[in-house]
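Report on the following structure.
Every number in this text was worked out from the coordinates using simple rules, so none of it is lab data. Predicted model, so just to flag it, every value in this text is computed and none were measured. Using ideal geometry, Cβ is built from the backbone for each residue, glycine included, and neighbour counts are taken over all protein chains shown.
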Amino acid sequence: MKLPSLHQKRRLIYSVLFLLLLFFCFLLYSRENLCFDHFCRKIFCQDLQCNTINLHYTLDQPWKYGVFQEEPVLPVYTPNSNENASRLLDARLDYLESVSPERLSDSNQYIYHLLSRKLALQKAKNQYAYFDEPLSPSSGMHQNLPILLSEYRFESKKDVENYLSLLSQMDSYFSGLLQYEKEKAAAGLFMSKNSSYTVAKQCQSFLSEESIRNSSHFLVTSFEERLSQLQERKSGSLSSEEIIAYGEKNKEILLSEVFPVYLSLSEEMNALAGSKWSPAEARGLAHFPDGREYYCLLIKDVTGSYREPDQIGELLFDRFQSLVTESKLSGQKESIPKESLNESKEVPLEKLSAAEMLELLEKCIEEDFPSLPISNSLLPASKRMDSSLHCSIKSISSTLADKAAPAFYLTPPIDEYRQHVIYINPTSGMNGISLFTTLAHEGFPGHLYQTVYAQKSGLYPVRNPIRSILNYEGYAEGWAYFVELKSYDYASMYSGASYFEEKMSRELSLCLCALMDFYIHYYDLSCSQCNSFLASLGLSNPQADQLYQYIAEEPAVYLKYYLSYLEILNLQDQARLLWQDQYTDFVFYKFYLDAGPSDFIALQSLME
């Protein structure tokens, strides 16, 4: 037998060494990914375990994700809260610095960069501890928490008991927020007198002993409805005696604990409004020391846009000017509908119910948008192909409607896509085209469609579900506004009428509000200066005063929608240049949805 030559032996040795090197690299690669997944799961578990409301709305079956909670808990603010949060952020950022992202898989590299920017942004914002406003008249927790509790799912007796425990913790929760407001006041950053008086009034009108005792309050009626639904779904899970006992316990907690803390909030906010700490009028963040710096961080956080402030101002102003010019020509333009979807015109758009409008929108988007991995029908169970997906359309309680949004969508848990809720504010007076476009924003192809798409696309796997808690409001709201404008064309297709002017008016209004948002909070425009500008556009002083007050109370709220929308338009333009003949709107929509919740730096990098 011929022995191998020296050259052949060397080749064999080199091959073995190369294979060993590959194996070592594979082990290193696998270990790096496993460690990173473990780190992300740890953050996921830690953040959900300290807030049962967030946990309940994020996961239907938390144990599958390794999340275990012995007792339900609401996060209560203490003077040490900010310091503790900063230490935790530092530890997480220190770990990320030790990671070599090039050793991670493509999906984990994407998460790494998202998480690095998100944590760094949170750390920077933590330096401005008293600029947050948890009791804002329009979006404060004194309004949001009751709505979240009224939609708290009952899948077992344990859920009912957890709910009652959370209800009884509202006392300590709001006491903590009140402590925070007092610290804000001492730091010279308390809300205006008008805002504080409004919050006090809201708290006072929220509960009445009579509405609790006669079972007319929505926290009583919703509780009883959920008990009945639990009994229907899981017969025998509750006895008649237990249902009665739980109902009485709910009323007792509302009367003895929740009602008193709302009265206390009302009294304390009135007292603070009348103190030297409360400024006479609302002003933008730039009016306060370090306020402009905080506002710039806030823009990045809520929009996902990392543009320089001057660039944002220029972008908004140029867009506003172009819209004004286009609106002047609107009388010469017509949005010519395609072949009508309602050739007989038997049912005008104004006569459709909200459920019928959702059904129509579902039909409209079939060819323009990627299909969901499941049936997306919202028809009654007897008529739809897939009865697993259901959307309830509810009215916001009259006790909360005054300062609540015109509509909003409640996001379901990431492991339960079937049940969805859209709330409509009865005071908004929406009907016809306004209701249709709102349902496009909240439902199809807006939040509901986008949420289910992400859930069913595998963006939140059990091994690393952290992206589900990295809040990218701009990604979601920018998309919802983007498709809301598109729905005006769908309305034209259905009715055969042009909605061009309504579409232009809607965008022009939001662009103006976003521009005012930036000027008020970055350039410190006063109410009188804004009034002069709005008066030149034909808006009366009462309207201008109300708009200024709202924007001052809710910094970056309009940028969350409109600047994010402009970033999507910018992405779309880039896609046209990069993809050229391969570009279609459908492909762009699929790219955006497949990427999942992200900031716009990540989306631009992914596109390139």
- Task: Enumerate the helices in the chain for which the Kyte-Doolittle hydropathy averages -1.0 or more and the C-alpha atoms extend at least 27 Å along the helix's axis, using complete DSSP H runs.
- Result: 6-49, 106-126, 309-328, 473-495, 500-522, 557-579
- Note on the structure: Non-local residues with an amide H under 5 Å from the amide H of Leu189, with H modelled 1.01 Å from N and Pro and chain starts lacking one, are none
- Query: Hey, if you put +1 on the Cβ of every Lys and Arg and -1 on every Asp and Glu Cβ in the chain, which of Ile393, Val199, Asn126 ends up farthest toward the positive end of that dipole?
  - Reply: Asn126
- Item | Within region 209-341: Cβ-based charge dipole about Cα centre, in debye rounded to nearest 20 (Lys, Arg +1; Asp, Glu -1) | 400 debye
- Note on the structure: Gyration tensor on Cα atoms of the chain, a ≥ b ≥ c root eigenvalues, a/c under 1.5 rounded, else prolate if a/b beats b/c, else oblate, says rounded
- Considering the options Ser86, His287, Thr52, tell which one lies farthest towards the positive end of the dipole of the chain, charges being +1 on Lys and Arg and -1 on Asp and Glu at the Cβ, about the Cα centre. Ser86
- Query: To the nearest 20 debye, what charge dipole does the chain have about its Cα centre, counting +1 at the Cβ of each Lys and Arg and -1 at the Cβ of each Asp and Glu?
  - Reply: 1860 debye
- Expressed to two decimals, region 141-280 has a Cα Rg over Rh, using the Kirkwood radius, of 1.08
- Item | Entries in Lys64/Lys486; Lys118/Lys394; Lys363/Lys503 that, when Cα-Cα distance is taken, lie over 28 Å | Lys64/Lys486; Lys118/Lys394
- Message: I need the peptides 95-106, 422-433, 292-303 ranked by packing, meaning the mean over residues of other C-beta atoms within 10 angstrom, with the highest value on top.
- Response: 292-303, 422-433, 95-106
- Based solely on its DSSP helices, what 222 nm [θ] is calculated for the chain when runs of n ≥ 4 H residues each add -39,500 (n - 2.57) and the sum is averaged over all residues, nearest 500 deg cm²/dmol? -20000 deg cm²/dmol
